[in-house]
Amino acid sequence: MKLLFSILALSLCLPITRDDIYDDSWALVIGINDYQNIQGLDYAVKDAESVEKMLVDLFGFDKKNVTVLKDREATKLNIIQEFSNITRKAKSTDRVLIFFAGHGETESLPGGGELGYLMPVDGNKEDLYVSSVSMNELRTISQRSDAKHILCLVDACYGGVAAAGGSRGLVTSSSDDPHYIKKITQYKSRQVISAGGRDELVVEKPEWGHSAFTKNLLQGLNNELADANNDGIISAE
C-alpha cells in the first residue's frame with residue numbers, strides 16, 4: 001500500500017499502511033490554461049488531470065472526495081470556496097492535498113517584503129489583491145482545518161512566504177529509527193511545495209505534455225524515482 005502525505009512518504013515494504021495513518025483522503029485539483037486577462041498556458045489542465053488520476057489510481061483517494069476545477073470553473077471565488085469546503089469536511093484523522101497548475105504572481109509590499117498569489121482564471125495583474133488568491137488566504141484556511149495533514153503542491157512561481165507554519169526547514173527521516181514514520185505522522189502538519197520563486201519561469205514543453213514540475217512530480221511518485229536511497233520513503237526534501 002502506497003502513502004502520500006505531507007512529507008510525501010511512500011510505504012512500500014514498511015510495516016505501516018495508509019489506514020494506520022488516515023481515515024479518509026480529500027483533494028482539490030486545479031488546472032488553468034485559458035486565462036481571461038493574461039497569457040494562457042498549454043498543459044496546466046493536463047497536469048491537473050494527470051495528478052487527479054494518480055491520486056485515485058495509485059494513492060487510494062476516493063474519486064468522490066476529489067474536486068477538480070479546470071479553466072472557467074477555477075475562479076477566485078470557486079477556488080477559495082472549494083478549498084474551504086474540503087478543509088472543513090476533513091476530520092482530524094484525514095489528509096488533504098491541494099494541487100494548483102497555473103500562473104503565479106508576486107506583489108512587492110511598500111514596507112518591504114513580498115506576497116505571493118495564485119492566479120485564478122479571472123485574475124488580473126493590475127489588482128492582485130482583489131482578483132487573485134493570496135497564499136496568506138490559503139494559509140488561513142489551512143490553519144482553520146482539523147485535518148491532520150495538508151499538502152499544497154503549487155505548479156507556479158511566486159514570491160513571499162508560502163509556508164503554513166513558522167519552520168523553514170524540511171524534516172528528514174532518520175534511518176536509525178524504524179518507527180520514524182509512525183511517530184511523525186501522529187502530528188498535524190501544513191506544507192507547501194512550489195515550482196519556483198519570484199521571477200522564475202515554469203517551463204512546459206510539447207514533448208513532455210506537462211510542465212517540468214508536474215512531469216517530475218508524476219515520474220517521482222508513479223515510478224518511485226524520488227526514493228533516492230530505496231528505503232521505501234519519499235520525503236519532501
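The values are calculated or read from the model by the stated rules, or taken from the named source; none is laboratory data. Being a predicted model, the structure only gives us computed values, none of them experimental. No Cβ is skipped: glycine too gets one built from the backbone with ideal geometry, and neighbour counts run over all protein chains shown. For the accessible areas, the whole protein counts, side chains as well, though only heavy atoms, and no ligand, DNA or RNA atoms are used. Shrake-Rupley method; radii C 1.70, N 1.55, O 1.52, S 1.80 Å.
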Inset, instruction - Could you tell me the accessible area of M54 in Å² (1.4 Å probe, neighbours in place), rounded to the nearest ten? - result: 10
Legend entry - Pair-distance profile P(r), taking every C-alpha pair of segment 44-153, with 5 angstrom steps and integer %: 2, 11, 21, 23, 20, 13, 7, 3, 1, 0
Inset, instruction - With 21 Å as the limit, write out which pairs from K70/K215; K46/K215; K76/K148; K63/K188; K46/K148; K53/K125 have Cα-Cα distances beyond it, or answer none. - result: K76/K148; K63/K188; K46/K148; K53/K125
Legend entry - Total charge dipole magnitude, segment 87-149, about the Cα centre, Cβ charges on Lys, Arg, Asp, Glu only, Debye to nearest 20: 600
Legend entry - Residue order for V130, V68, V121 - accessible surface, 1.4 angstrom probe, largest first: V130, V68, V121
Legend entry - Backbone HN-Hα couplings from phi across segment 73-80 [Karplus 6.51/-1.76/1.60, Hz, Gly and Pro as x]: 6, 8, 6, 4, 4, 5, 4, 5
Inset, instruction - Please work out how much length the chain gains when fully extended from S108 to K89, using 0.36 nm per residue of separation minus the C-alpha to C-alpha distance, in nm with one decimal. - result: 3.4 nm
Legend entry - For segment 113-119, 3J(HN,Hα) per residue [Karplus equation, 6.51 cos²θ - 1.76 cosθ + 1.60, θ = phi - 60°, Hz, x = Gly/Pro]: x, 8, 10, x, 9, 9, 8
